[in-house]
Amino acid sequence: MLTLRERRPLGRRSILSELERVHNLVENLMGEVFGLSTPSSTTTSTPTWTWLPPMNMWVENNTLFVECFVPGLNKDQLEVNVTEDTLTISGTYKNPWNENNTPTFYMYEYPFGSFYRQVSLPFPVNTQQVNAKYENGVLRITLPLTCLLYTSDAADE
């Protein structure tokens, strides 16, 4: 059986509702595909997050540099582990509310809970000379390479 619906122009409220519905569908799809999740737009329960902090990685002067954006943490809430070919960063954002005192959320974008980010390093590094510094919400890690990519003599040729 074929059902026909009359198409009416969408009013302002209907357009906003439709955009919010599409936004929620895309967020749910991203969560399923990439393992990311965000809380629903209105909820009385405490939102939970699974997320990956953004990271930059580059090599310069035979040293691998990594920056990871993790604002609002103390040093003791971060853990950095390095093997010759893997970097792991993990930490925990504490829940600002207890279970008996959770507000009704209309928007919640600050993450809390545990995070875990593991990346393969593009070059072997000297794990004995790794240096990590956390300042102003950015974790900076310096990883000297075990092999020389280039030397100043090679650059002159």
message = I'd like to know if region 53-65 contains one or more residues that are open to solvent by less than 30 Å² (accessible area, probe 1.4 Å) and in a strand (DSSP E or B).
response = yes
request  = Run Thr104 past the list (1) open to solvent by 50 Å² or more (accessible area, probe 1.4 Å); (2) without any contact (Cβ under 8 Å) to a residue 60 or more places away in the chain and report the number of the one that doesn't hold.
outcome  = (2)
message = So for region 86-96 (the condition being of a type in the set (Gly, Ala, Ser), free of Cβ contacts under 8 Å to residues at least 40 places away in the same chain and open to solvent by less than 60 Å² (accessible area, probe 1.4 Å)), does at least one residue qualify?
response = yes
Contacts under 6 angstrom Cβ, first residue in region 57-78 being within 25 Å of Asn126 (Cα to Cα), partner open to solvent by 50 Å² or more (accessible area, probe 1.4 Å) and among the aliphatic types (A, V, I, L, M), 6 or more apart = Asn62/Leu148; Asn62/Leu149; Val66/Met57
ask   = Would a scan of region 117-131 turn up a residue that is part of a strand (DSSP E or B), modelled with pLDDT under 95, closer than 18 Å to Pro54 by Cβ and open to solvent by less than 60 Å² (accessible area, probe 1.4 Å)?
value = yes
task = Sort out which residues of region 132-157 are open to solvent by less than 100 Å² (accessible area, probe 1.4 Å) and either β-branched (Val, Ile, Thr) or at pLDDT below 90 (or both), and write them in order of number.
result = Val138, Ile141, Thr142, Thr146, Cys147, Leu149, Thr151, Ser152, Ala154, Ala155
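The values are calculated or read from the model by the stated rules, or taken from the named source; none is laboratory data. It should be emphasised that the depicted structure is a prediction, and the values quoted were computed from it without experimental measurement. Virtual Cβ from ideal backbone geometry, glycine too; neighbours counted across all protein chains shown. When the accessible area is computed, the model is the full protein with side chains, heavy atoms only, and any ligands, DNA or RNA have been set aside. Shrake-Rupley method; radii C 1.70, N 1.55, O 1.52, S 1.80 Å.
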